[in-house]
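Reading through the C-alpha cells given below for one structure.
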Amino acid sequence: MLVRVLGAAAGGAFPQWNCACQQCQRSRSGTFAGQPRTQAQVAVSEDGVAWTLLNASPDLRIQIEATPQLWPTGNSLHSPIQSVVITAAEADTVAGLLSLREFQPLDIYATPSVLRIIREDNSLFALLDRVPRQAAWREIQPNVPFSVAQLDYQPFSLPGGFPGFVTSSRKSELDASEAVIGLVIESPTGARMAYLPGVANVEESWRDWLDECDLLLFDGTFWTDDELCRVRGGGKPASAMGHLPLSGPCGSLAALSGIKCARKIFFHINNTNPILDESSAAYTEVLDAGWEVARDGMEIRI
Ligand SMILES: [Zn+2]
C-alpha cells in the first residue's frame, strides 16, 4: 500500500491566513525551523495507479498539482483519483469535493448522515451531479467493512459531533454514531494502516488492533488542552473541539505509549502546535517517544 500525505496541517493550514501567532509569523518571515503545511489530506493506493483520497481538503487542487502520481494522463479528461472516503462532514473534510467537480466520475463514500448533510443541506455539492455517472454517492456504516480499489476498509465510530453549521433540527434526524469515523485500511498483502485524524480519547481496547497496524496516522492537532487560549488569547480547549492533546499525563503520547505499530505519525497539526518547530522541546519529545511529525509530500510504503 502506498500512502501519500498531501497535507499535514489541521484546518487553517500553517501558516494560517489570519493568524499572527509566533509560529505563523516566523514561518512567513523565513525564520521558523519547520516547514509550512497545507490542510490535512491523504491519498492511498495499492497499485500506484488507482488512488483513493481520504477526505477532501480545501487545499486539494494545489495538493494534486504538487503530486505527479495524481496528475491526469492521456489527452482528455482523466484522473488517477477514482474515489474519496469521507470521515466527517466538516468543511475541512468535504470542501475539496468542489475542486473535483469538472465532470470527473468519482465514487464518494460516507455514512448516511454525512451524505445527507453534504447532499441535502448544501446544494453547491449538486455540482458533482451535473451529468450521469459523475458522482456515485455510496453509503458506508460504522463496523461494516467495505472495499475500494483493492483495499479493505474497516470503519468505526469515533466520539465527536456533527459540524457546527448543521442545524439542531437536522441533527435530531441524524445518527450521532455516523458523525465521525476512523478507518483501518488493509491491503491484500496484509499491510494495515489506521487513519485517525480527530480523536477525543483513546479507548484501552484500541491497543490490540493498533499493535497490529504497520502505520498509524493519529490526531496531532494540539500539544496542550489550553493551547489556543494560551497562544492566541482565546478559543476553545482542545477537548471541547474533539481533540486529545499530545502532552501531559492524559495526552495521546502517554495513552499510546508502548504500542507496537511500526510507524506512528502525528498528522492534522494545528499551526499553534510546537511540534511544528523542529528546534522545540516538544518536537524532540515526540521523536524520542518513537513518533514522527507528518509533512506535506511524505510518501510511505507499507
Ligand atoms: Zn498561527
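The values are calculated or read from the model by the stated rules, or taken from the named source; none is laboratory data. Treat the numbers as computed from the prediction; the structure is a model and nothing was measured. Quick reminder, even Gly has a Cβ in these numbers, built from the backbone with ideal geometry, and neighbours come from all protein chains shown. Heavy atoms of the whole protein, side chains included, go into the accessibility calculation; ligands, DNA and RNA do not. Shrake-Rupley method; radii C 1.70, N 1.55, O 1.52, S 1.80 Å.
May I ask you to give the solvent-accessible area per residue for the range 31-152, in square angstrom, as obtained with a 1.4 angstrom probe?
Averaged over the residues of the range 31-152, the accessible area is 45 Å².
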Summing +1 per Lys or Arg and -1 per Asp or Glu among the other residues with Cβ less than 12 Å from residue 196's Cβ gives -1
Would you please state which residues of the range 264-302 a label at residue 240 would reach in this model, taking the label point 7 Å out along Cα→Cβ and a backbone N cut-off of under 20 Å? 270-273
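Among rounded, prolate and oblate, which fits the range 109-159 when a ≥ b ≥ c are the square roots of the eigenvalues of its C-alpha gyration tensor, a/c under 1.5 means rounded, and a/b larger than b/c means prolate?
Since a/c reaches 1.5 but b/c is at least a/b, the shape of the range 109-159 is classed as oblate.
Compute the length gained on full extension between residue 120 and residue 176: take 0.36 nm times their separation in residues and subtract their Cα-Cα distance, giving the result in nm to one decimal. Mind dumping the intermediate values first?
Numbers: separation 56, 0.36 × 56 = 20.16 nm, distance 1.73 nm.
18.4 nm is the gain from fully extending residue 120 to residue 176.
Over the chain, what is the percentage of antiparallel beta bridges among all DSSP beta bridges, to the nearest 5?
Beta bridges within the chain, antiparallel portion: roughly 50 percent.
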At a Förster radius of 22 Å, what calculated FRET efficiency corresponds to the Cβ-Cβ distance of residue 66 and residue 301, to the nearest 0.05? 0.70
Extension gain, residue 254 back to residue 167 (0.36 nm per residue minus Cα-Cα distance, nm): 27.7 nm
Could you give the size of the charge dipole of the chain about its Cα centre, using +1 on the Cβ of each K and R and -1 on the Cβ of each D and E, expressed in debye and rounded to the nearest 20? 720 debye
Per-residue HN-Hα couplings for the range 224-236 [Karplus 6.51, -1.76, 1.60; θ = phi - 60°; Hz; x = Gly/Pro]: 10, 5, 9, 4, 5, 5, 6, 7, 10, x, x, x, 6
Amide H contacts of residue 55 (H built 1.01 Å from N, under 5 Å, at least 5 apart or other chain): 85, 86, 87
Using each residue's phi in the range 119-135, evaluate 6.51 cos²θ - 1.76 cosθ + 1.60 at θ = phi - 60° and report the 3J(HN,Hα) Karplus result to the nearest Hz, with x for Gly and Pro. 8, 9, 9, 9, 5, 4, 6, 5, 4, 8, 10, 6, 10, x, 6, 8, 8
Rounded to the nearest 500, what is the chain's calculated 222 nm mean residue ellipticity when only DSSP H runs of at least 4 contribute -39500 (n - 2.57) each, over all residues? -4500 deg cm²/dmol
Would you mind getting me the FRET efficiency between residue 281 and residue 149? Use the beta-carbon distance for r and R0 = 41 Å, nearest 0.05. 0.50
Most fluctuating residue given options 194, 135, 66, as computed from a GNM of the chain linking Cα atoms under 10 Å: 66
C-alpha center-to-center spacing [the range 16-38, the range 113-191] in angstrom: 33 Å
If each of residue 230 and residue 33 carries a label point 7 Å out from its Cα toward its Cβ, how far apart are those two points in nm? 1.9 nm
Taking a ≥ b ≥ c as the square roots of the Cα gyration tensor eigenvalues, with a/c under 1.5 meaning rounded and otherwise prolate when a/b beats b/c, else oblate, which class fits the range 130-260? oblate
Label point 7 Å beyond Cα of residue 49 along Cβ direction - residues of the range 77-108 with amide nitrogen under 19 Å: 77-84, 105-107
With the 8 Å Cα cutoff and a minimum separation of six or more residues, the range 82-165 has a relative contact order in percent of 29 percent
How do 166-178, 264-276 rank on mean C-beta neighbours within 10 Å, highest first? 264-276, 166-178
